[in-house]
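In what follows, a single structure is set out as structure tokens and then discussed.
The values are calculated or read from the model by the stated rules, or taken from the named source; none is laboratory data. Just so it is clear, the model here is predicted, and its values are computed rather than measured. All Cβ positions, glycine included, derive from the backbone under ideal geometry; neighbour counts span all protein chains shown. When the accessible area is computed, the model is the full protein with side chains, heavy atoms only, and any ligands, DNA or RNA have been set aside. Shrake-Rupley method; radii C 1.70, N 1.55, O 1.52, S 1.80 Å.
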Amino acid sequence: MTPGSGVNFRLNNSATESKHQIEAMIGGVALFDYNNDGLLDIFIANGAQLPGMDKSDPRFWNRLYRNNGDGTYTDVTEAAGVRGNGYSMGVAIGDFDNDGGRTSTSQALIEISYCTTIMTEPLRT
């Protein structure tokens with residue numbers, strides 16, 4: 001991403017001298033229209049502080065960037081409630097009610113993480 005895009009993300013796997021297995025299994029990116037405005041938004045899964053798999057520090061938060069339609073993005077992680085729990089290792093997107101994403105409740109985000117966090121509530125738009 002270009003510096004002016006608004007996507008200011010740095011993947012953090014909390015590397016240790018112990019070289020835990022999960023340190024090598026990190027990240028994941030999904031492009032989807034979370035707010036149904038016709039533009040692809042960006043979700044990026046991130047690690048956590050080891051060994052406790054703590055995500056309270058913002059540098060470990062997953063990130064959701066809303067596409068502004070002009071080549072820039074806005075970080076809406078907190079507003080959408082997707083900073084995550086545990087050590088995120090990937091992401092998958094699906095239309096669970098098979099309506100083609102026509103309603104805000106149809107877009108669902110499943111965070112595949114070490115702690116098996118599954119979001120069952122719709123994203124807040």
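Below is a table of values for the structure above.
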item: Cβ-Cβ under 9 Å pairs, at least 6 apart or on other chains, the range 42-70 side closer than 15 Å to Val7 by Cβ, far side open to solvent by 60 Å² or more (accessible area, probe 1.4 Å) and part of a helix (DSSP H, G or I); result: Asn46/Arg59; Trp61/Glu78; Leu64/Ala79; Arg66/Ala79
item: Single match in Gly52, Gly27 (criterion: assigned to a loop (DSSP other than H, G, I, E, B) and on the phi > 0 side of the Ramachandran plot); result: Gly27
item: Scan of the range 59-87 for residues that are part of a helix (DSSP H, G or I) and open to solvent by 10 Å² or more (accessible area, probe 1.4 Å), ordered by number; result: Arg59, Glu78, Ala79
item: Among (1) crowded, with 17+ Cβ neighbours inside 10 Å; (2) of a type in the set (S, T, N, Q); (3) out of contact with any Phe, Trp or Tyr (no Cβ under 9 Å at 6 or more places or on another chain) - the single one Ser56 does not satisfy; result: (1)
item: Which numbered condition Leu39 fails, given (1) over 16 Å from Thr74 (Cα atoms); (2) touching a strand residue (DSSP E or B) at 6+ places or on another chain (Cβ under 7 Å); (3) open to solvent by 30 Å² or more (accessible area, probe 1.4 Å); result: (1)
